[in-house]
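First the structure, in the form of structure tokens, and then the observations on it.
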Ligand SMILES: Cc1cc2nc3c(=O)[nH]c(=O)nc-3n(C[C@H](O)[C@H](O)[C@H](O)COP(=O)(O)O)c2cc1C
């Protein structure tokens, strides 16, 4: 075999090796891209499949008509915020809009976890007894109601003390989307409303919703 022929064979082998490496690289890149695209579509399809399941939960929210829209109603606001004069209290003020009410600030009371004694629970409960209109307001803490409210609720025992009162709920936080907090708080409050025979009239998160709720509260 002469030198020229040997060189030609070496060139062909090198060319074929290079071609092979190129083909593998293109194939691999294409494969990764298409697997990226498929995971994106899985994400969007899982989002799409989670939306319908979120929608019925919202659609399933049902509220009662208020039964106490008159001027002589006894109105109470249970404030489950650490701030007596914060955003929760401010929305409650807007909800009553000039009507008289008593504000109970849970931050003023020491209510232990259930099983750790009664603490001030009865002092708070006694102020709710006989109310016609109860507004419960909670800031959103970690996408849920505040611990003040949950601890208070965990201490309640089923009785007729609040029977037939109208219940309004304020759930407000810093984020625009409060779907999780509102869904979970609605679920808890709906159960409470049923067990205590309350009329669960509505939930407000924003000023606009609170204005609408006020109209409901005064029977309009
Ligand atoms: C412990 C803690 C947790 C919070 N977590 C959330 C949250 O998960 N989502 C949200 O939107 N805001 C959250 N916030 C913000 C409050 O909900 C918000 O500032 C609210 O307006 C406070 O109400 P207030 O003025 O009645 O205290 C949190 C605040 C605190 C103190």
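Please treat every number below as a calculation from the coordinates, not as lab data. As the structure is a computational prediction, the values presented were derived from the model and not from experiment. No Cβ is skipped: glycine too gets one built from the backbone with ideal geometry, and neighbour counts run over all protein chains shown.
Calculate the length of the line joining the C-alpha centroid of segment 142-204 to that of segment 100-130, in whole Å.
15 Å
Going 7 Å from the Cα of residue 99 in the Cα-to-Cβ direction, what parts of segment 187-220 have a backbone nitrogen less than 14 Å from that spot?
Under 14 Å, as judged by backbone N against the label point of residue 99, lie 199-203, 210-220 of segment 187-220.
Quick check: residue separation of residue 154 and residue 179 times 0.36 nm, minus the Cα distance between them. What number comes out in nm? Write down the numbers at each step before the final one.
Numbers: separation 25, 0.36 × 25 = 9.00 nm, distance 2.28 nm.
Additional length available on full extension: 6.7 nm.
Restricting to segment 75-217, compute how many DSSP beta bridges are antiparallel as a %, nearest 5.
Values: 1 of 22 bridges.
Taking every DSSP beta bridge with both residues in segment 75-217, the antiparallel ones total about 5 percent.
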